[in-house]
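Just below is one structure, and these are the notes that go with it.
The values are calculated or read from the model by the stated rules, or taken from the named source; none is laboratory data. Every value quoted in this text rests on a predicted model; they were computed, and no experiment measured them. Note that each Cβ is placed from the backbone with ideal geometry, even for glycine, and that neighbours are counted across all protein chains shown.
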Amino acid sequence: MPDVVFAIPGDLASPTGGYAYARRMLADLPGQGVDVVYRPLPGAFPFPSEADVAATAAALAATPPDAVLLIDGLACGVLPPALLRDCGRRCVALVHHPLGHETGLAEADSQRLLASEKAALAAVDAVITSSVPTGRVLVSEFGVAPGRLTVAEPGTDPAPRAPARGEPPHLVSVGSVSPRKGYDVLVTALAKLVVLPWRATIVGSLERMPDEAARLRAAIAEAGLGERIALAGTCEDAVLERLYASADVFVMASRYEGYGMALTEALARGLPIVTTRVGAADERVPDAAGLKVPPGDADALCDALATVLGDRERRLAMAEASWRAGQALPRWVDTAAVIAGVVRSLAGREKGA
């Protein structure tokens, strides 16, 4: 009988940070002595149909009564509280970032998601989040009691150091093309730096939000940067590693992140970083390793990029600080150990106790 049933909506193979986190926990929890079973849920979350909710209720009901039910926040945040309270299983929500904080939502959808997630989180037995900043938000805005909340930061695999020899300097940004990632802001900033030598590659799915990808292509063309900014789409791991190895600067222009696993991937490779102050930027990126700007501020991003591109010695010093920070990052085994601890704390406890 499993110790944990991990219920996850959508395509587990999706190339996003949240799904990467889920895949690693499915792989690494057994090493902590926790038997875990993957339970797929419909892919329409966080906007499920009545049929999707009914199918999810059936999936939860099929969970062995002694198993802990770990539900990805993409689904948990919109499930009826009564379903979570009355399912007879000890339920844990895994929240990467609040659903209603997603960039680009209509105001009515945002408010509805915020309200539903607050109600859902009040109905579960425990909450796990992947970052300290998101944990603060869950306590202050969603009323999650600190004693019910555990932070299990994403791990980072050891990686080879990027040699940083690009001529011209190569800027790399990683993340699916969506409004939240702020690629429009990045293009606006880079358009002001045409007199400097650089090339850029954006790595991330162009299929998840094709309209947004079309807008990004149009913005690049309008700025006359088609020869300098490459859209690599989703890359196989080996291709992504080659891109990291060729990078001189890592850039993240996101408007919002729960954590931003790409930041720690950049630290693990010793890359200088230019980032917005989102997710793990303040907690994990030392000031010596990265320049941090307000989200959505193209002028500030432009200035930071100009500073890094125009000063090779500073880039090298930032790279050294980044490499040092990267060697101290938690590993995935640490993440699994934290989640295993939550599971054990609930073992044998009555639902709602």
Helices (runs of 4 or more DSSP H) completely within region 49-109 that count 2 or more residues being of a type in the set (D, E, K, R): 50-61, 81-86
task: Scan region 326-346 and give yes if some residue there is at positive phi and over 20 Å from the mean Cα position of the chain (by Cα), otherwise no.
output: no
query: Could we say that Arg180 is surrounded by 13 or more Cβ atoms within 10 Å (Cβ to Cβ), touching a Phe, Trp or Tyr at 6+ places or on another chain (Cβ under 7 Å) and either in a helix (DSSP H, G or I) or outside the structural domain of Leu291 (by TED's automatic domain parsing) (or both) here?
result: yes
Scope region 21-37; condition in a helix (DSSP H, G or I), surrounded by 15 or more Cβ atoms within 10 Å (Cβ to Cβ) and touching a residue at least 40 places away in the same chain (Cβ under 8 Å); matching residues: Tyr21, Ala22, Arg24, Met25, Asp28, Leu29, Gln32
task: Looking at (1) modelled with pLDDT of 95 or more; (2) crowded, with 18+ Cβ neighbours inside 10 Å; (3) in contact with a strand residue (DSSP E or B) (Cβ under 9 Å, 6 or more places away or on another chain), find the lone condition where Ala164 falls short.
output: (1)
message: Can you tell me which condition Glu313 does not meet? The list is (1) in contact with a Leu (Cβ under 8 Å, 6 or more places away or on another chain); (2) assigned by TED's automatic domain parsing to the domain that holds Val194, and all the others hold.
response: (1)
field: Sole exception among (1) over 18 Å from Val37 (Cα atoms); (2) of a type in the set (Gly, Ala, Ser); (3) within 20 Å of the chain's Cα centre (by Cα) for Gly143, by number
entry: (3)
query: Which of the residues spanning region 193-225 are of a type in the set (D, E, K, R) and under 19 Å from Pro169 (Cα atoms)?
result: Arg199
task: Would you be able to tell me the number of residues in region 1-13 that are assigned to a loop (DSSP other than H, G, I, E, B) and either touching a residue at least 12 places away in the same chain (Cβ under 8 Å) or touching a Pro at 6+ places or on another chain (Cβ under 8 Å) (or both)?
output: 6
query: What are the residues in region 199-255 that are in a loop (DSSP other than H, G, I, E, B), crowded, with 19+ Cβ neighbours inside 10 Å and either touching a helix residue (DSSP H, G or I) at 6+ places or on another chain (Cβ under 6 Å) or not assigned by TED's automatic domain parsing to the domain that holds Val293 (or both), if any?
result: Ala253, Ser254, Arg255
query: Of the residues that make up region 59-66, is at least one without any contact (Cβ under 8 Å) to a residue 40 or more places away in the chain and acidic (Asp, Glu)?
result: no
- request: Mind listing just one residue for me: the one in region 48-75 that is of a type in the set (Val, Ile, Thr) and closer than 18 Å to Asp11 by Cβ and, of those, surrounded by the most Cβ atoms within 10 Å (Cβ to Cβ)?
  value: Ile71
message: Go through (1) surrounded by 15 or more Cβ atoms within 10 Å (Cβ to Cβ); (2) in contact (Cβ under 8 Å) with a residue 12 or more places away in the chain for Pro40 and report which single condition fails.
response: (1)
